[in-house]
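**Q** Here's a structure for you.
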Amino acid sequence: MTGSGTYDGQWVHRFHPTDDSDFRLVCFPHAGGSASYFYALSEALSPHLDTLVVQYPGRQDRRAEGCVENLAELADLTYAALRRCEDGRPLVFFGHSMGSILAFEVARRYQDDAGAPPVHLVASGYPPPSLLRGGTVHLRDDAGLVEELLLVGGTDPVYLENAHLRASILSALRGDYTAIETHPRATGVRLDCPITMLVGTDDPHTTLTEAESWREHTTAEFDLHVFQGGHFYLDEHGAAVNEIIAGAVRGVAGAGAAHPS
């Protein structure tokens, strides 16, 4: 499968097509986020890793569509889109914030429906499925949503000064927070693949104890990496995050994961 940009009904972006890599990385953005957030990561890992980035409805080129405000439904739709994009290469998942829970849910569908999960899940910046906090951010007025954005970071405040951009950002944020804050906890659910968890020391959404509890969701190896910083610690530690992802792929390759020759 060649060609850059968006394909498969706009659900998946492939910024730097790499047909020669043995694995594919699938990235799941944070609440309110879009595929472009992972452009730099895709560029950094190319040509050694073929990177796909999920584009949720309700933002950027999909801003005319309504957000999917039910995370299980969003997982079903994302799973179906990724299955349509398959080319036989094993998948590694990386999700940040809400994206980590969505990545877990899509991985569950691969395990239960397709018979095998991705070969590695890298989660970031969110409590595990069994410890989801819920929340009422999605019920706030626009000023309350802006307050949340300023708390967690990751959005240039200059974008909030433009009324049109602010409305678009807040619409996607509200829809995504509705999805993640109303998603039920999943206890006793494990993936048959290694999980690596990344977290910032000052993340208001994830304590170190919560991050460690991702261990309970895998039957395989677990690893935890702690970075100085808040919810968007990865903006400051991008090179280190990229290396952890690349290391996870090398670990799978070294363990002899099956892939096309």
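The values are calculated or read from the model by the stated rules, or taken from the named source; none is laboratory data. Nothing here was measured: the structure is a model prediction, and the numbers come from that model. No Cβ is skipped: glycine too gets one built from the backbone with ideal geometry, and neighbour counts run over all protein chains shown.
**Q** Take the residues of segment 71-104 that are farther than 18 Å from ILE245 by Cβ, charged (D, E, K, R) and in contact (Cβ under 8 Å) with a residue 40 or more places away in the chain: which is surrounded by the fewest Cβ atoms within 10 Å (Cβ to Cβ)?
**A** If we take residues in segment 71-104 being farther than 18 Å from ILE245 by Cβ, charged (D, E, K, R) and in contact (Cβ under 8 Å) with a residue 40 or more places away in the chain, then ASP87 is surrounded by the fewest Cβ atoms within 10 Å (Cβ to Cβ).
**Q** While we're here: Is there any pair with a first residue in segment 191-209 that is more than 16 Å from GLU105 (Cα to Cα) and in a loop (DSSP other than H, G, I, E, B) and a second that is modelled with pLDDT under 95 and not acidic (Asp, Glu) whose Cβ atoms are under 8 Å apart and which are 6 or more apart or on different chains, and what are they?
**A** PRO204/LEU151; PRO204/VAL152; HIS205/VAL152
**Q** Sticking with this one: Restricting to segment 188-218, count the residues that are closer than 17 Å to PHE94 by Cβ and among the β-branched types (Val, Ile, Thr).
**A** Counting residues in segment 188-218 that are closer than 17 Å to PHE94 by Cβ and among the β-branched types (Val, Ile, Thr) gives 5.
**Q** If we scan segment 122-141, do we find a residue that is assigned to a helix (DSSP H, G or I), out of contact with any Asp or Glu (no Cβ under 7 Å at 6 or more places or on another chain) and surrounded by fewer than 16 Cβ atoms within 10 Å (Cβ to Cβ)?
**A** Yes - at least one qualifying residue is present in segment 122-141.
**Q** Still on this structure, please answer the following. Being farther than 24 Å from GLY115 by Cα, of a type in the set (Ser, Thr, Tyr) and in contact with a strand residue (DSSP E or B) (Cβ under 7 Å, 6 or more places away or on another chain) is the filter here; which residues of segment 168-211 pass it?
**A** THR201, THR206, listed by residue number.
**Q** List pairs: first residue in segment 108-128 and touching a residue at least 40 places away in the same chain (Cβ under 8 Å) and more than 17 Å from VAL249 (Cβ to Cβ), second residue small (Gly, Ala, Ser) and not in a loop (DSSP other than H, G, I, E, B) anywhere in the structure, Cβ distance under 6 angstrom, at least six positions apart or on different chains.
**A** TYR126/SER100; PRO128/SER213
**Q** Checking the condition under 16 Å from the mean Cα position of the chain (by Cα) and either surrounded by 14 or more Cβ atoms within 10 Å (Cβ to Cβ) or part of a helix (DSSP H, G or I) (or both), which residue from ALA253, ALA240, ALA186, ALA179 passes?
**A** ALA179
**Q** Of all the residues that make up segment 136-170, how many are among the small types (Gly, Ala, Ser) and within 15 Å of ARG59 (Cβ to Cβ)?
**A** Selection size over segment 136-170: 3.
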